[in-house]
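One structure is given here, and the rest of the page talks about it.
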Amino acid sequence: MKKPLPTIGVDKYTFFNVISDDTDGTVYGDGVNLKGIVEIAPTDAGGSDTFDADNGAYETTSYIEKLGHEITNADIPPEVDAAWRGISLKNGVVEVGNDTATVYFGVAWRILKSDGSYRYVRYYKGSYSFASNVGGKTKPSSGSIDKQTAKAVFTAVQRDFDNNYYAYFDESDLPEGITKAELEEKWFTDMNWYPTV
């Protein structure tokens, strides 16, 4: 077993619109890279449930709930805000009413480890929720400016195609014959690509 390494960075947060998802497969649109990613924090929570019978613990089941992640970003640009809410820009303006729709996306990113290698992550399907990002704080008259960020939550759901939520792996575990260049290109352009030879 390899020595566990701490993670020291994250980048290349890329989301893909889910065009269709059924027993024949999942079709995604083109990837869109969201620049300015600061942090990705998993929202997953797990636990166990005990079924009592015969005056004692009879069976225990484990579960995972609230699968997904919260992102902290430099900002959520208007065109991304509109896409995630399922609304259209009107002459460049984001107009939010009660006509928003749940739109599903797949998402991929990579995490930098302390040895310079990467862990690659993808969630196959989910939707975004976030508060309005129109707040602000006054700039100080002197001293350092306190930079602000925007947050959004991605809630994962199972793909209809294969019932999977997410996948990840370390690039050091790549099969023989898969180059880092191929991994880099495919992971962020094709949500259905798998590292096989």
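The values are calculated or read from the model by the stated rules, or taken from the named source; none is laboratory data. Computed from a predicted structure; not experimentally measured. Don't worry about glycine lacking a Cβ; one is built from the backbone with ideal geometry, like all the others, and counts go over all protein chains shown. Heavy atoms of the whole protein, side chains included, go into the accessibility calculation; ligands, DNA and RNA do not. Shrake-Rupley method; radii C 1.70, N 1.55, O 1.52, S 1.80 Å.
Brief remarks on what is shown
- Within the span defined as the range 78-99, one or more residues are open to solvent by 40 Å² or more (accessible area, probe 1.4 Å), over 24 Å from V10 (Cα atoms), part of a helix (DSSP H, G or I) and among the basic types (K, R).
- All conditions in (1) touching a residue at least 12 places away in the same chain (Cβ under 8 Å); (2) on the phi < 0 side of the Ramachandran plot hold for G86, with the sole exception of (2).
- Only one entry in V121, V103 is in contact (Cβ under 8 Å) with a residue 40 or more places away in the chain, of a type outside the set (D, E), open to solvent by less than 50 Å² (accessible area, probe 1.4 Å) and assigned to a loop (DSSP other than H, G, I, E, B), namely V103.
- Residue-level analysis places L183 among those that are under 27 Å from L67 (Cβ atoms), open to solvent by less than 80 Å² (accessible area, probe 1.4 Å) and touching an Asp or Glu at 6+ places or on another chain (Cβ under 7 Å).
- Residue selection: F169 satisfies the criterion of being over 22 Å from N73 (Cβ atoms), outside any loop (DSSP other than H, G, I, E, B) and open to solvent by less than 80 Å² (accessible area, probe 1.4 Å).
- Condition met for T26 (open to solvent by 70 Å² or more (accessible area, probe 1.4 Å) and closer than 28 Å to N164 by Cβ): no
- Filter pass, V153 being open to solvent by 40 Å² or more (accessible area, probe 1.4 Å), of a type in the set (A, V, I, L, M, F, W, C) and free of Cβ contacts under 8 Å to residues at least 24 places away in the same chain: no
- Of the numbered criteria (1) open to solvent by 70 Å² or more (accessible area, probe 1.4 Å); (2) touching a residue at least 24 places away in the same chain (Cβ under 8 Å); (3) not acidic (D, E), the one S127 fails is (1).
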